[in-house]
Ligand SMILES: [Zn+2]
């Protein structure tokens, strides 16, 4: 019954603490027992408070962490 996570799913969610969108791992979001979720940059927020709205202000450390976390994906076209 659990969601099959075939890839390392992530979601950009807004933290009400800093009005910034952070990257949260899908495994944490799928775990209904977690009171807090922790973003890739270390920012943690109660799961009930995050807002599922389209990203506007992205957390720079999360952007960098996501690049390192998902090496097969280059979502922002940061080619060299
Ligand atoms: Zn962040």
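The values are calculated or read from the model by the stated rules, or taken from the named source; none is laboratory data. Computed from a predicted structure; not experimentally measured. With ideal geometry, Cβ positions are generated from the backbone for all residues, glycine too; neighbour counts draw on all protein chains shown.
I'd like to verify a number: residues in the range 1-27 that are within 14 Å of the ligand (Cβ to nearest atom) and either assigned to a strand (DSSP E or B) or at pLDDT below 95 (or both), how many?
Here is the first cut: in the range 1-27, the residues within 14 Å of the ligand (Cβ to nearest atom) are 10-25.
Right, trim to either assigned to a strand (DSSP E or B) or at pLDDT below 95 (or both) and you get 10-15, 20-25.
The total comes to 12.
Those residues that are assigned to a loop (DSSP other than H, G, I, E, B), out of contact with any helix residue (DSSP H, G or I) (no Cβ under 7 Å at 6 or more places or on another chain) and away from the ligand (no atom under 15 Å from the Cβ), I need them from the range 32-48; list them, please.
Within the range 32-48, 32, 33, 35, 47, 48 qualify.
Restricted to the range 14-35, and to residues that are in contact with a strand residue (DSSP E or B) (Cβ under 9 Å, 6 or more places away or on another chain) and over 21 Å from residue 54 (Cβ atoms), which residue is surrounded by the most Cβ atoms within 10 Å (Cβ to Cβ)?
Taking the candidates together, the pick is 31.
Looking at the range 54-80, which of its residues are farther than 18 Å from residue 9 by Cβ, at pLDDT 80 or above and more than 10 Å from the ligand (Cβ to nearest atom)?
56, 57
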